[in-house]
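Taking it in order: structure first as structure tokens, then the write-up.
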Amino acid sequence: MTYIAKPKFHHPGLKKNELGYTHRDYEGKISTLCAGCGHDSITASIIEACYELSIEPHRVAKISGIGCSSKTPDYFLGNSHGFNSVHGRMPSVLTGANLANRDLIYLGVSGDGDSASIGFGQFAHSIRRGVNMTYIVENNGVYGLTKGQFSATADRGSKSKKGVTNTDNAIDLVAIALQLGATFVARSFSGDKTQLVPLIAAAIRHKGASFIDVISPCIAFNNHAGSTKSFDYVREHNDAVNRLDVLVGRDPIAVDYAPGTVQMVEQHDGSKIALRKIDADYDPHDRLGAQTFLAKHAAKGQIVTGLLYVDPDAEDLHEHLNTVETPLNTLEADALCPGSAVLDKINASLR
Amino acid sequence: MPDKKPISSVNDFVVRFANVNGSGSASANEMFARAILRHGVPVSPRNIFPSNIQGLPTWYEVRVTEDGHLGARGGVDMMVAMNPQTWDKDVAGIEPGGYLFYDSTKPMPSTKFRDDITVIGVPLTAITNSTYTDPRQRQLFKNIIYLGSLSALLDMDPKLIEQLIGEQYKGKEKLLSSNVHALHLGRDWALQNLKCPIGLRVKKSDKVGDRIFIEGNSAAALGAVYGGATVCAWYPITPSSSVAEAFTAHCKKYRHDPETGKAKYAIVQGEDELASIGIVIGASWNGARAFTATSGPGISLMTEFIGLSYFAEIPAVIMNIQRAGPSTGMPTRTQQCDIIACAYASHGDTKHVLLFPEDPAEAFEFAAAAFDLAERLQTTIFLMLDLDIGMNHRLCRPLKWDDARQYDRGKVMTEEMLEEGRDFGRYLDVDGDGIPYRTYPGTHPTKGSYFTRGTSRDRYARYSEEGPVYADNMQRLVRKFETAQDLVPRPLQANAERPTKYGVIYFGSTSPAMDEAIGLLEARGHQLDRLRIRAFPFHSSVASFLAEHDFVYVVEQNRDSQLRQLIVNENGIDPVRLVPIVHYDGSPITARFIAKAIGDHQDHLKVTPLRKAVS
């Protein structure tokens with residue numbers, strides 16, 4: 001959230017996507033986060049992904065909770081409606097919004113304090129229900145706005161800036177999302193835009209609950225020796241399982257991918273994800289395998305990034321509820337009200 | 001022969017059934033009440049049940065009332081004592097001259113009875129054991145057998161009960177015939193072995209008219225259907241669960257697209273109350289009509305979101321079916337104890353709209369209206385029922401709907417309006433009524449989007465911590481609340497036959513007891529004007545009523561006289577002029593209680609009853 005409006009001036013020669021929008025059309029206000037914050041990199045990746053997908057910015061609803069991460073929806077898609085709700089409750093607000101109008105794209109932005117502590121239940125249940133959304137956790141393992149307390153994703157044994165050692169076990173949101181039945185699960189690193197942009201794009205195209213945990217070092221309170229979420233630590237321990245590209249039924253978005261083992265994953269809406277495996281044995285359709293892979297590497301102290309699991313035939317909450325295709329928020333009395341004749345019959349049955 | 005003359009009364013008595021929870025008696029007891037209705041005689045039944053699934057005591061009370069008094073009366077004329085655990089208390093509660101009906105299969109010591117009542121024994125267990133071998137059948141049909149015996153004792157027409165059984169088991173011939181058989185087993189035994197009828201009798205009448213018999217929760221749920229609610233998010237809690245369950249049932253019946261079979265609604269059982277109200281707020285923010293139903297503990301959990309609804313100005317409808325608090329309190333007992341908690345819910349300065357229906361008919365009307373109000377005012381609307389209305393069947397006027405009625409979607413700026421160049425400021429008071437325009441997400445590519453937040457912002461929804469900007473917004477919210485005064489249901493006033501300087505204010509489920517109490521008070525010579533409050537904010541007529549009377553009694557069902565507090569707070573009146581009349585033991589307030597409390601106070605004031613003055 002900022003007091004400073006971004007200048008509207010932009011270079012007339014900026015590249016446009018197929019809808020005629022430039023990158024500037026996907027930007028928001030100027031960030032007031034600390035310079036160098038990983039969250040701003042994630043913001044840039046969201047902007048890039050939406051630009052590449054040629055999404056109409058105003059057709060996105062961006063919803064967040066409370067915290068540094070939850071401020072970021074103000075910094076992208078300035079022509080979208082945003083909702084900065086209350087701490088940890090983004091998932092329920094997003095679920096309600098999605099039920100009201102299934103035609104919009106829903107981006108849920110949260111943090112580790114927001115989703116792994118007070119909002120742990122809402123995170124779990126929105127995933128469990130299969131809400132059609134892209135749920136991004138900007139995970140830095142620390143409470144930035146209140147200056148440096150551990151969050152629930154902070155690794156056991158890691159140290160705070162003040163030198164305190166964390167004695168609690170960490171919650172791995174990716175492992176939980178897999179266990180709860182998320183149909184798109186990924187983890188990335190805020191500094192790896194090459195990996196993160198297509199992951200976000202694929203998640204947006206996925207129909208169902210998409211969850212991306214993005215390790216996002218806190219420049220102010222969690223980027224020191226002893227932290228397991230510092231830039232240096234993550235760079236040293238990052239083990240990417242694959243690289244991916246998104247094809248949305250049009251020209252492929254150019255990414256740097258080398259020839260080799262490629263797997264095409266067809267999404268529910270017909271779009272395809274091309275996975276380039278680094279680990280030859282990795283199967284992104286195997287939920288159990290993903291859980292095992294994740295646990296195995298976690299035991300080694302490694303951070304697995306990439307698309308860990310996807311179900312191309314996923315259903316969403318609207319399908320579970322068998323709701324009409326017409327957005328519920330457009331239905332009026334003629335479609336909803338049974339009328340006086342029916343009421344007369346009801347009255348008669350109550351005598 | 002008892003040493004007190006047996007009560008003799010036609011169409012005016014109270015029967016209470018004492019049962020064990022889970023014994024399957026509810027169906028038979030409710031059929032008893034409905035059978036009396038079919039005689040054309042009004043009834044007012046009440047469930048009195050524990051917070052438990054099985055084993056604990058439960059009572060079902062039927063007030064038979066040709067005069068149509070629908071409040072609880074107090075006292076029991078006939079006790080159907082089917083629970084050994086509560087025997088002593090049940091027998092003690094019978095009015096002198098009343099009747100005790102019991103299972104006489106096993107002999108009871110004479111000390112277990114009273115000399116001033118008529119004891120009627122029917123060997124129910126012996127009859128069922130000689131007829132049925134299956135233990136569950138023995139238990140269930142025992143209830144129908146005592147219903148049959150009561151029909152003979154009270155002179156009821158068995159054909160009307162058979163008709164009810166026929167309706168209940170339509171298409172299930174085996175169940176139908178076996179229930180009718182059990183009914184006659186009990187009836188015939190009574191006719192052959194007892195003096196029938198007794199002093200209490202049911203005589204056919206025509207006092208029911210076209211009124212319907214419905215629970216408040218079901219009526220409120222139907223109001224939500226008619227009011228256009230498409231999203232319901234809820235979490236089970238007594239006594240509100242049946243609202244969502246009824247809404248689900250109504251929607252399944254009336255809200256599926258005939259061609260595709262798809263649902264024109266979405267119902268989510270949330271993981272808790274916090275998620276439920278969050279879903280409601282998210283859906284309403286996005287332009288759907290949404291509601292949740294809960295009770296006091298749920299309101300406590302929802303308050304953070306309620307504050308957001310108030311400050312960010314997002315519509316929401318909460319049906320609060322009140323029960324006895326605080327904390328877990330008495331989950332299955334009634335009170336009107338969430339008035340303050342709802343009126344000022346959440347931190348900071350807030351004020352919320354409350355609606356107080358008196359019966360299921362108003363629950364239906366107010367529920368439907370709540371969605372119009374929520375969207376018109378862009379705030380939370382509380383529909384304040386309580387267990388007494390919500391979970392009990394009530395006689396009330398038929399539900400009505402005007403087919404020409406369109407939903408009031410409030411001030412929504414459309415794509416066309418934005419294209420016309422209308423100035424959109426999300427928190428701009430364009431019309432001076434404190435109500436700004438909003439836009440739905442996805443309306444326009446470049447105009448009308450804004451950021452919703454619970455933090456302070458200016459008229460154009462831009463984040464701001466400037467003091468004057470914050471104060472400007474808070475003042476507009478006050479203006480909006482003042483606007484609400486003329487949009488919510490107005491109080492209804494009824495004046496005494498003679499001019500009086502005394503008044504009484506009441507609301508919600510107190511209404512039928514109050515109506516009856518007025519008659520009792522008049523009989524003692526006390527004249528009172530009365531005002532039934534139907535909503536908060538209070539209409540200006542409340543202040544007028546207060547100004548016109550020296551003393552005003554405020555009758556309510558909570559310890560701290562919460563409505564009185566609210567009236568004092570909002571009207572700046574001298575509290576001494578408002579006399580609290582409170583009832584809060586968890587049972588429904590009775591006319592007897594009100595009449596005694598007010599009458600005693602009037603006497604204490606040394607008021608000369610008008611009757612005495614005249615004579």
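General observations
- For A:57-64, mean number of other protein chain Cβ atoms within 10 Å: 4
- Each Lys and Arg contributes +1 and each Asp and Glu -1, all at the Cβ; summed about the Cα centre of region B:497-615, the dipole is approximately 260 debye.
- Close amide H contacts of residue B:386 (hydrogens built in the peptide plane, cut-off under 5 Å, sequence separation of 5 or more or a different chain): B:322.
- Per-pair calculated FRET efficiency, R0 = 35 Å: residue B:262 and residue A:54 via Cβ, rounded to 0.05: 0.75
- Per-pair calculated FRET efficiency, R0 = 45 Å: residue A:288 and residue A:165 via Cβ, rounded to 0.05: 0.85
- Taking all protein chains into account, the per residue accessible area for region B:488-571 stands at 35 Å² (1.4 Å probe).
- Antiparallel content of DSSP bridges confined to chain B, in %, to 5: 35 percent
- Carbon and sulfur %, accessible surface of region B:400-529 computed with the full protein complex present, 1.4 Å: 48 percent
- Rolling a 1.4 Å probe across the protein heavy atoms gives region B:366-422 an accessible surface of 34 Å² per residue.
- When the C-alpha to C-alpha distance is required to be over 18 Å, the pairs from B:351/B:480; B:159/B:203; B:172/B:253; A:29/A:62; A:16/A:71 that qualify are B:172/B:253; A:16/A:71.
- Other residues lying with their Cβ under 11 Å from the Cβ of residue A:177 contribute a combined charge of +1, Lys and Arg counting +1, Asp and Glu -1.
- Here the dipole of region B:440-551 is about 520 debye; that uses its Cα centre as origin and unit charges on the Cβ of Lys and Arg (positive) and Asp and Glu (negative).
- Alpha-carbon centroids, region B:362-380 and region B:128-203: separation in whole Å: 45 Å
- The residues packed around residue B:370, meaning those with a beta-carbon under 15 Å from its beta-carbon, carry a net charge of 0 if Lys and Arg are +1 and Asp and Glu are -1.
- Note that chain B, at 10 °C in a medium of 1.306 mPa s, gets a Stokes-Einstein diffusion coefficient of 60 µm²/s from its Kirkwood radius over C-alpha pairs.
- With Cα atoms, 0 to 90° folded angle of helix B:511-523 axis to chain B main axis: 60 degrees
- Charge tally for residue B:196 (other residues, Cβ to Cβ under 14 Å; Lys, Arg +1; Asp, Glu -1): 0.
- Total accessible surface hidden between B and A, rounded to 100 Å², 1.4 Å probe: 5400 Å²
- The protein assembly as shown: Rg to Rh, with Rh as the Kirkwood radius over Cα pairs: 1.05
- Averaged over the residues of peptide A:124-131, the number of Cβ atoms from other protein chains lying within 10 Å of each residue's Cβ is 2.
- Rounded tilt (10° steps) of B:241-254 against the dominant C-alpha axis of chain B: 80 degrees
- Cross-link partners of residue A:159 among lysines, defined as those whose alpha carbon lies under 21 angstrom from its own and excluding same-chain residues fewer than eight positions apart: A:147, A:229, A:300.
- In region B:367-513, taking the dipole from charged Cβ atoms about the Cα centre, the farthest positive-side position among B:399, B:512, B:383 is held by B:512.
- Heavy-atom accessible area per residue - region B:11-140, 1.4 Å, Å²: 38 Å²
- Cα centroid separation - region B:247-299 against region A:298-351, whole Å: 9 Å
- The protein assembly as shown, dipole about Cα centre (Lys/Arg Cβ +1, Asp/Glu Cβ -1), debye to the nearest 20: 1520 debye
- With the cut-off at under 14 Å, measuring from each backbone N in region B:224-244 to a point 7 Å along the Cα-to-Cβ line of residue B:328 picks out B:238.
- The solvent-accessible area of residue B:551, taken with every protein chain present and a 1.4 Å probe, is close to 60 Å².
- Against chain B, whose longest principal axis is taken from its Cα atoms, helix B:25-38 shows a tilt of about 90°.
- Interface residues of region B:429-466, defined as a loss of at least 40 Å² in heavy-atom accessible area between the chain alone and the complex of all protein chains with a 1.4 Å probe, are B:441, B:442, B:445, B:449, B:451, B:453, B:463.
- Separation of the alpha carbons by more than 19 angstrom is noted, of A:162/A:193; B:89/B:195; A:345/B:252, for A:162/A:193; B:89/B:195.
The values are calculated or read from the model by the stated rules, or taken from the named source; none is laboratory data. As the structure is a computational prediction, the values presented were derived from the model and not from experiment. Here the Cβ is made from the backbone with ideal geometry for all residues, glycine too, and neighbour counts use every protein chain on show. Ligands, DNA and RNA are excluded from the accessible area calculation, which covers all protein heavy atoms including side chains. Shrake-Rupley method; radii C 1.70, N 1.55, O 1.52, S 1.80 Å.
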